[in-house]
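Laboratory data are not the source of any read-out in this text; all were calculated from the coordinates shown. What you see is a predicted model, and the numbers here were worked out from it, not measured in a lab. For neighbour counting, all protein chains shown are included, and Cβ atoms are generated from backbone atoms with ideal geometry for every residue, glycine included.
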Amino acid sequence: MTQRWFHPIQYRAEALVARAALVLLRRLGPVRGSNLAGAVARTIGPLLPVSRVADINLRHAMPELDAAARRRVIRGVWENLGRTVAELPHVATLGPTAQGPGWEVEGGEILHRCRDAGGTMILFSGHIGCWELLPALLGQNGMPMASFYRAAGNPEVDALINAMRRDAVGTDVPFFNKSAKGAREAMLYLAQGGRVGMLVDQKMNEGIEARLFGQPVMTTTSPAAFALRFQCPMVPGHTIRIGPCRFRIVVEPPLPLPDSGDHHADILALTQTMNDCLERWIRAWPEGWLWLHRRFPMEVYGR
């Protein structure tokens, strides 16, 4: 009987804490909230056991970094993560600006061409910079984008997060769970001319083996499969932090779609090109990527 009541009580308590944090962050404003959360995360995060995963990842991906450089990167990773969490409540209020909170866009004409052409589009990115900005950018440019996401364990907290994401997009768009069911739903949405954004840098056991930093990594095939199925643009995009709640959003030309006559080979080639984009972005700004997840083969982590 105690176990039956534990989860609802825990969920309510967590949701109350989350709502209180949102009130605080909104009162602090985007810059002060980002600075505070960044400082706290930078101080506490490197002491947590998960930072060992980040260190192992860096040893294998960027062996040219010595121990001091890896520590600097890990502090930067935590700072960026703290800032990103604190900035989420403000994303709906941000927009293009020459200074202060907001963003500048590099490659905006690429989005405008895709918008004017109409129809289906895939935009892929990774957990780099403030990844929550890309749906807001597309929404403000008349291109509302549905997204794949991993649901929070607490359904009340999950609903709070998704409400902020919908506010940022400016309209009601679907969110597809990272599952076979979510992939089927996204396929139907794309078939109707929808646009879908995907963060493609996490391990996907149901995917295909590609390379990242020279390591074999299981990678989602969904973006490549969707793009080849609908012969639609597959657009790379990511964000670079240039200040507290201040960003450069970089949009790159759509990837060329291979057409070798071998569907499996085409998916692998396009998926590898996608990973090559991710690696290039991460190498340029290693502190901006979420090195905290187990991205490489499990034997790398000693178990």
So what is Rg over Rh here for the chain, counting just Cα atoms and using Kirkwood for Rh?
0.96
CD proxy, 222 nm, the chain: helix-only mean residue ellipticity via -39,500 (n - 2.57) per DSSP H run with n ≥ 4, per residue, nearest 500, stands at -17000 deg cm²/dmol
What is the distance, in nm, between label points placed 7 Å from the Cα along the Cα-to-Cβ direction at residue 115 and at residue 248?
2.2
Label point distance in nm, residue 99-residue 300, each placed 7 Å from Cα along Cα→Cβ:
4.2
In order over region 86-96: 3J(HN,Hα) from phi, Karplus 6.51/-1.76/1.60, θ = phi - 60°, whole Hz, x for each Gly or Pro, gives 6, 7, 3, x, 9, 4, 4, 9, 8, x, x
Could you please state, rounded to a whole Å, how far the C-alpha centre of region 234-295 is from the C-alpha centre of region 81-119?
17
Descending Cα extents along the principal axes, region 186-246, whole Å:
39, 31, 16
Grab the beta carbon distance between residue 152 and residue 180, set R0 = 30 Å, and tell me the FRET efficiency rounded to 0.05.
0.90
Which of the trypsin sites (Lys or Arg not before Pro) found in region 128-192 are in a DSSP loop and have at most 14 neighbouring Cβ atoms, other than their own, within 10 Å?
150
Write down the radius of gyration of region 144-273 and its Dmax, each obtained from C-alpha positions, in Å.
15.9, 48
Mind listing P(r) for region 242-303? All alpha-carbon pairs, 10 Å bins, whole percents.
16, 34, 31, 17, 2
The simple spin-label model distance between residue 50 and residue 18, using points 7 Å out along Cα→Cβ, in nm, is 1.5
Enumerate the amide H contacts of residue 176 below 5 Å, restricted to partners 5 or more residues apart or on another chain; note that Pro and chain-start residues carry no placed amide H.
147, 148, 149
So what is the diffusion coefficient of region 20-85 in µm² per second by Stokes-Einstein at 20 °C and 1.002 mPa s, using a Kirkwood Rh over Cα pairs?
169
Quick one: grab Rg to one decimal and Dmax as a whole number for region 1-128, Cα atoms only, in Å.
19.7, 59
